[in-house]
Amino acid sequence: MSASGRATERGIDGILVLSKPSGPTSHDMVGLVRRLSGTRRVGHGGTLDPFAAGVLPVFLGLATRVVEYHMGDDKAYRATVCFGARSATDDRDGELVPSGRPGPTRELVEQALAAFCGSIEQRPPAFSAIKVGGRRAYQLARQGVAPELAPRTVKINRLELVEWDGSYPERPAAVLEVECGAGTYIRSLARDLGEQLGCGAYLGALTRTRSGPFPLETAHDLDAVRAAAAAGPSFLAALTLPIDAGLEGLPIAPLTSDEVIAAARGQQVRPAQRPHLEQGATVRLTDPGESLVGIGSWRAGRIVPQKMFVPPLPAQGGGAGEAVAAVEGGEHVEPPLWYARAGVPHEVVPGVDALRRETGRLYVAIGVFDGLHRGHLYLLRELRHAAARAAARPAVITFDAHPEEVVAGLAPALLCDPDERLVRLAAAGAEVTVVQHFDHSLRMTSYGDFVERIRSHVELAGFVMTPDAAFGRDRRGTPEALTQLGKEAGFEVTVVHSLLLDGEQVRSSEIRRRIVAGDLAAARRMLGRPLSVTGTVVAEPRPLQAAQLRFEVPVVLPPPGRYAVMIGPPWQTGSPAARADRASAAVVDEGGLWLEDILGGEQPDRLRVVFVD
């Protein structure tokens, strides 16, 4: 890459390190950069509270594809902690309540800091964006409901008192230099420090002085950004860093021209120049001119592409097997459900242990399959083909809860209603769907024991997996491990490359990010259809005969705003998958999702809502 980002016809590709002022939100900064740069795809690398200032990396164009590699970066802050009062929000924006206790001395504060260094348990602020039961914690807090937020392990690498203001002994203030890992709340640090000293405390000011490899000294203020944008796209692009800035720690895997073309199509590559890397290592992919062309992983002697920054040549075919949402006659229309094998019976089994010999010989794919996006549909197409070759039935093992709920204590919001997921799995050609209960016991089960549980009930023909797939304790059930086990146990493993769309691997996490950012068009391309949610209708005394949609499980919603939607009946196994065909409007706000003008006549219990605009 060059020393800076690039201005292209679609906008700018690069990383713009901003010096955010106190006041605007991080989302405001993204919107400003989007307007000034003329770049549609823009995101940031870590939220700053509105009152906070400092480093905010903003990623433009192709650089948005590397945001995930920066989300775990360490941060550094300069924080002002005010003692002698407590705040509901743990910062100066909340209502301050004096503690009535004398303020601490500088010496007492310095002694107390030692307890907060290293790995500590920290409870997030009540007014935070963490989701609790599908609602943001701050939404519950504003309604007077105290959200139950479990403590999290965070790491503080450095904590030093650098300035002290004792002008008002009852309300002294300390300026702290903090270096910490991702996910650390400085507001919580101020709160907990005050509680330990018995006098209460809150965060009075905060400046982020470093975000990963990006220091405040190299950040650009808004005046400089506006001036560069006024001078022209090339001047603004000159302020940006290349896409791989800050990723210098990732090793480089050089590819030949033919290997670049293959990787851009999503194919695994055995590079002519074999790198010396650890299994699973993330690598930067470069072309013969040493320019960055993508990011991949090293597995079993192959490069597995994950993010590609060059277009596939020739353009990759469909393969997803599902129609994308269309616009017919100027009206938004939900595409009909496409059936890979119409009329084939679909059997839903409540767990692996409920399988029976009469179920038949099975070829299996294991996964959450949240959203049944185009990547999943491509995998399931390969499952059907592998099953046909092995004279077996295509089967899917999915879960009744997202594994992250057990592993991390917080499940991501779902892209697809669980009942709708079963319908879509059947349409994609799965003859058997096993809904396995996921709990701590299953998490600790080795892949070998889990495979043996399957084999004890049915004849196992094989597995279909992507190169980065894994299951079992510590995710040791990789394609390589399963292949070796299959040689001994008599089943095969088919490994298929991940589907790339516009050079990027189609993943549920990326679709969620696009929806939350408001880019529903990009999310629709990855899903292969418009976003849909299913919930229970709750009548509320609001104008325009509006009704709220309540969700039994957390769902992904776009940013607050008014959206054109189509509504229809929910999908359930054993019933026709009716298209949503009633036009309406939905309002997304902090309280959830509201539907306008639907309460004329008999009120339905549940509705399926499809976002068409």
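Would you please list the contacts, defined by Cβ atoms under 7 Å and residues six or more apart or on different chains, that run from a residue in the stretch 233-262 that is under 24 Å from GLU217 (Cβ atoms) to a residue that is assigned to a loop (DSSP other than H, G, I, E, B) and hydrophobic (A, V, I, L, M, F, W, C)?
PRO242/MET1; ILE243/MET1; ILE243/PHE309; ASP244/MET1
Sort out which residues of the stretch 41-62 are of a type in the set (Gly, Ala, Ser) and either in a loop (DSSP other than H, G, I, E, B) or under 26 Å from GLY294 (Cα atoms) (or both), and write them in order of number.
GLY43, GLY45, GLY46, ALA52, GLY61
Can you pull out every residue in the stretch 393-407 that is in contact with a Lys or Arg (Cβ under 9 Å, 6 or more places away or on another chain) and modelled with pLDDT under 65? Explain how you work it out, then say what you get.
Start the filter on the stretch 393-407 by keeping residues that are in contact with a Lys or Arg (Cβ under 9 Å, 6 or more places away or on another chain), which leaves 393-394, 398, 403, 406-407.
Matches in the stretch 393-407: VAL406, VAL407.
Give the residues of the stretch 348-379 that are of a type in the set (A, V, I, L, M) and within 21 Å of PHE450 (Cα to Cα), sorted by residue number.
Result: VAL348, VAL349, VAL352, ALA354, LEU355, LEU362, VAL364, ALA365, ILE366, VAL368.
(1) under 30 Å from GLY200 (Cβ atoms); (2) touching a Gly at 6+ places or on another chain (Cβ under 7 Å); (3) modelled with pLDDT of 90 or more: which one isn't true of SER22, the others all being true?
Of (1) under 30 Å from GLY200 (Cβ atoms); (2) touching a Gly at 6+ places or on another chain (Cβ under 7 Å); (3) modelled with pLDDT of 90 or more, only one is false for SER22: (2).
Between LEU425, LEU377, LEU442, LEU410, which is over 19 Å from GLU492 (Cα atoms), modelled with pLDDT under 90 and assigned to a helix (DSSP H, G or I)? I'd like the intermediate steps shown before the answer.
On the way: LEU425 fails: modelled with pLDDT under 90; LEU377 fails: modelled with pLDDT under 90; LEU410 fails: assigned to a helix (DSSP H, G or I).
Checking each option against the conditions leaves just LEU442.
Tally up the residues in the stretch 94-143 that are surrounded by fewer than 16 Cβ atoms within 10 Å (Cβ to Cβ), at pLDDT 75 or above and within 26 Å of VAL516 (Cα to Cα), please.
Selection size over the stretch 94-143: 1.
State all residues of the stretch 152-179 that are touching a helix residue (DSSP H, G or I) at 6+ places or on another chain (Cβ under 8 Å) and part of a strand (DSSP E or B); if no residue qualifies, say none.
ILE156, LEU159, GLU160, LEU161, TRP164, ALA174, LEU176, VAL178
Condition check: in contact with a helix residue (DSSP H, G or I) (Cβ under 7 Å, 6 or more places away or on another chain) and of a type in the set (Ser, Thr, Tyr). Does TYR69 satisfy that?
Judged against the criteria, TYR69 is not a match.
I'd like to verify a number: residues in the stretch 339-374 that are outside any loop (DSSP other than H, G, I, E, B) and closer than 21 Å to ARG443 by Cβ, how many?
The total comes to 7.
Mind listing whichever residues of the stretch 75-118 are among the polar types (S, T, N, Q) and without any contact (Cβ under 8 Å) to a residue 24 or more places away in the chain?
GLN111
Cβ-Cβ below 9 Å, separation at least six or inter-chain, first residue in the stretch 266-278 and outside the structural domain of PRO288 (by TED's automatic domain parsing), second crowded, with 17+ Cβ neighbours inside 10 Å and outside any loop (DSSP other than H, G, I, E, B): which pairs?
Close Cβ pairs satisfying both conditions: none exist.
Does THR209 satisfy the condition of being farther than 26 Å from ILE295 by Cβ, under 27 Å from the mean Cα position of the chain (by Cα) and assigned to a loop (DSSP other than H, G, I, E, B)? Don't jump to the end; show me each part of the working.
Details: farther than 26 Å from ILE295 by Cβ: yes; under 27 Å from the mean Cα position of the chain (by Cα): yes; assigned to a loop (DSSP other than H, G, I, E, B): no.
For THR209, the condition - farther than 26 Å from ILE295 by Cβ, under 27 Å from the mean Cα position of the chain (by Cα) and assigned to a loop (DSSP other than H, G, I, E, B) - is not met.
Does any residue of the stretch 446-462 turn out to be surrounded by fewer than 17 Cβ atoms within 10 Å (Cβ to Cβ) and polar (S, T, N, Q)?
There is at least one residue in the stretch 446-462 that is surrounded by fewer than 17 Cβ atoms within 10 Å (Cβ to Cβ) and polar (S, T, N, Q).
Can you spot a residue in the stretch 29-52 that is within 23 Å of ALA521 (Cβ to Cβ) and of a type in the set (S, T, N, Q)?
yes
Which residues, counting only those in the stretch 228-249, are surrounded by 15 or more Cβ atoms within 10 Å (Cβ to Cβ) and either modelled with pLDDT under 90 or assigned to a loop (DSSP other than H, G, I, E, B) (or both)?
Just the residues of the stretch 228-249 that are surrounded by 15 or more Cβ atoms within 10 Å (Cβ to Cβ), to begin with: 228-229, 233, 236-247.
PRO233, ALA238, LEU239, THR240, PRO242, ILE243, ASP244, ALA245, GLY246, LEU247, listed by residue number.
Residues to consider are ALA219, ALA272; find the one that is hydrophobic (A, V, I, L, M, F, W, C), exposed (fewer than 15 other Cβ atoms within 10 Å of the Cβ) and over 24 Å from the mean Cα position of the chain (by Cα).
Sole residue among the options that is hydrophobic (A, V, I, L, M, F, W, C), exposed (fewer than 15 other Cβ atoms within 10 Å of the Cβ) and over 24 Å from the mean Cα position of the chain (by Cα): ALA272.
Select, from ALA401, ALA430, ALA391, the only residue that is outside any helix (DSSP H, G or I), buried (at least 20 other Cβ atoms within 10 Å of the Cβ) and small (Gly, Ala, Ser).
Only one candidate passes the filter, namely ALA430.
Within the stretch 63-84, can one find any residue that is surrounded by 23 or more Cβ atoms within 10 Å (Cβ to Cβ), aliphatic (A, V, I, L, M) and part of a helix (DSSP H, G or I)?
yes
Has the stretch 190-198 got any residue that is crowded, with 19+ Cβ neighbours inside 10 Å, part of a loop (DSSP other than H, G, I, E, B) and either out of contact with any Lys or Arg (no Cβ under 9 Å at 6 or more places or on another chain) or assigned by TED's automatic domain parsing to the domain that holds THR105 (or both)?
Within the stretch 190-198 (the criterion being crowded, with 19+ Cβ neighbours inside 10 Å, part of a loop (DSSP other than H, G, I, E, B) and either out of contact with any Lys or Arg (no Cβ under 9 Å at 6 or more places or on another chain) or assigned by TED's automatic domain parsing to the domain that holds THR105 (or both)), the answer is no, since none of the residues qualifies.
Determine the pairs where a residue that is more than 23 Å from LEU520 (Cα to Cα) and modelled with pLDDT under 80, located within the stretch 539-564, has a partner that is surrounded by 13 or more Cβ atoms within 10 Å (Cβ to Cβ) and small (Gly, Ala, Ser) with Cβ atoms under 8 Å apart, the partner being 6 or more residues away or on another chain.
Short answer, once both residue conditions are applied: ALA539/ALA547; GLU540/ALA546; GLU540/ALA547.
Output the residues belonging to the stretch 479-494 that are within 28 Å of the chain's Cα centre (by Cα) and touching a residue at least 60 places away in the same chain (Cβ under 8 Å).
Scanning the stretch 479-494 gives PRO479, GLU480, THR494.
The values are calculated or read from the model by the stated rules, or taken from the named source; none is laboratory data. No experiment lies behind these values; they were computed from the predicted model shown. Don't worry about glycine lacking a Cβ; one is built from the backbone with ideal geometry, like all the others, and counts go over all protein chains shown.
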